[in-house]
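The values are calculated or read from the model by the stated rules, or taken from the named source; none is laboratory data. Please read all numbers here as calculations on a predicted model, not as lab measurements. Note that each Cβ is placed from the backbone with ideal geometry, even for glycine, and that neighbours are counted across all protein chains shown.
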Amino acid sequence: MRFDCLDASYQLISELRRPLAAIRRADGRLAVQLRTAAASIALNVAEGRAREGRDRRHHWRIARGSAEEVSAILKVAESFGDVSLDECHAAHETLTRVHQMLWRMTH
């Protein structure tokens with residue numbers, strides 16, 4: 001069964017491949033944190049989908065927090081000059097969609 005938010009989170013991970021490689025060259029720890037946060041979005045959306053009630057929303061709130069973390073990591077890496085805004089454009093657009101879906105799912 002399709003689940004748009006989960007599909008978008010997988011798309012985000014794909015779009016982060018190039019920026020992640022550039023960030024890894026500049027700051028390995030930040031790259032690990034980006035990879036972990038991006039995976040957390042998908043994993044918590046998937047787990048929340050299998051839960052019910054407040055437990056479901058709890059996982060989706062964690063996914064929202066991880067999405068915020070991905071946004072912050074990209075902005076930090078851009079600010080340091082590790083990646084350009086152009087390199088992250090597709091990921092930022094998908095991340096905006098994920099944020100919007102998770103907001104609706106948790107409110």
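When the range 67-104 is limited to residues that are basic (Lys, Arg) and without any contact (Cβ under 8 Å) to a residue 40 or more places away in the chain, the one that is farthest from ALA21 (Cα to Cα) turns out to be ARG104. Determine if the range 41-48 includes at least one residue that is over 14 Å from the mean Cα position of the chain (by Cα) and modelled with pLDDT of 95 or more. Yes, the range 41-48 contains at least one residue that is over 14 Å from the mean Cα position of the chain (by Cα) and modelled with pLDDT of 95 or more. Selection of the range 5-47 for residues being surrounded by 21 or more Cβ atoms within 10 Å (Cβ to Cβ) and in contact with a His (Cβ under 7 Å, 6 or more places away or on another chain) yields only ASN44.
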